[in-house]
Amino acid sequence: QVQLVESGGGLVQPGGSLRLSCTASGNFFSTYTMTWYRQAPGKQRELVASIDSGRSTTYADSVKGRFTISRNNAKNMVYLQMNSLKPEDTAVYFCNTIVGSSRHWGQGTQVTVSS
């Protein structure tokens, strides 16, 4: 069982920045592909960014050039640096990984972009 715990959410003004963190349990973190998703009220959960074990990254078109995903395998952590935030980035952000046939989620962290 992999446990994921997100942190770093909060209220920020448009144009501001936040860095989200996700800590994972387990001894094989370096082999996991780690993904950030988000879910806005009334909308489906969507993929934001992903980083694999070789540190290759993918991003949703809506966040390219503004968000950066990274990982620290020594600390079992994955990060999402979010810059130039927009009101439409407001959502609950979730950390995710798939190990074998099991999908694991964190509890989520709220990001609100508002003036």
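By how many nm would the segment from Leu47 to Ser30 lengthen if fully extended, with 0.36 nm per residue of separation less the alpha-carbon distance?
On the way: separation 17, 0.36 × 17 = 6.12 nm, distance 2.05 nm.
Extra length available between Leu47 and Ser30 comes to 4.1 nm.
Give the lysines whose C-alpha is closer than 25 Å to that of Lys43, dropping any in the same chain fewer than 8 places away, or say none.
Here the lysines satisfying the reach criterion relative to Lys43 are Lys64, Lys86.
Quick check: residue separation of Asn72 and Ser114 times 0.36 nm, minus the Cα distance between them. What number comes out in nm?
12.1 nm
Report the trypsin sites (Lys or Arg not before Pro) located in the range 13-79 that are in a DSSP loop and have at most 12 other Cβ atoms inside 10 Å of their Cβ, or state none.
Here the trypsin sites (Lys or Arg not before Pro) that fit, given the DSSP loop and packing criteria, are Lys43, Arg55, Lys64.
Below 24 Å, Cα to Cα, which lysines can Lys75 reach? Residues fewer than 8 away in the same chain don't count.
Within the straight-line cut-off, Lys75 pairs with nothing.
With a point put 7 Å past each Cα toward its Cβ, work out how far Gln1 is from Gln39 in nm, to one decimal.
In this crude spin-label approximation the distance works out to 2.0 nm.
Please list 3J(HN,Hα) in residue order for the range 66-83, calculated via the Karplus relation 6.51 cos²θ - 1.76 cosθ + 1.60 where θ = phi - 60°; whole Hz, with x for glycine and proline.
Values per residue, Gly and Pro as x: 10, 10, 9, 9, 8, 9, 10, 5, 5, 10, 6, 10, 10, 10, 9, 7, 10, 10 Hz.
For the chain, take the alpha-carbon Rg, divide it by the Kirkwood Rh, and send me Rg/Rh.
Here the Rg-to-Rh quotient is 0.95.
Every number in this text was worked out from the coordinates using simple rules, so none of it is lab data. Quick caveat: nothing in here was measured; it's all calculated off a predicted structure. Neighbour counts run over all protein chains shown; Cβ positions are idealised from the backbone, glycine included.
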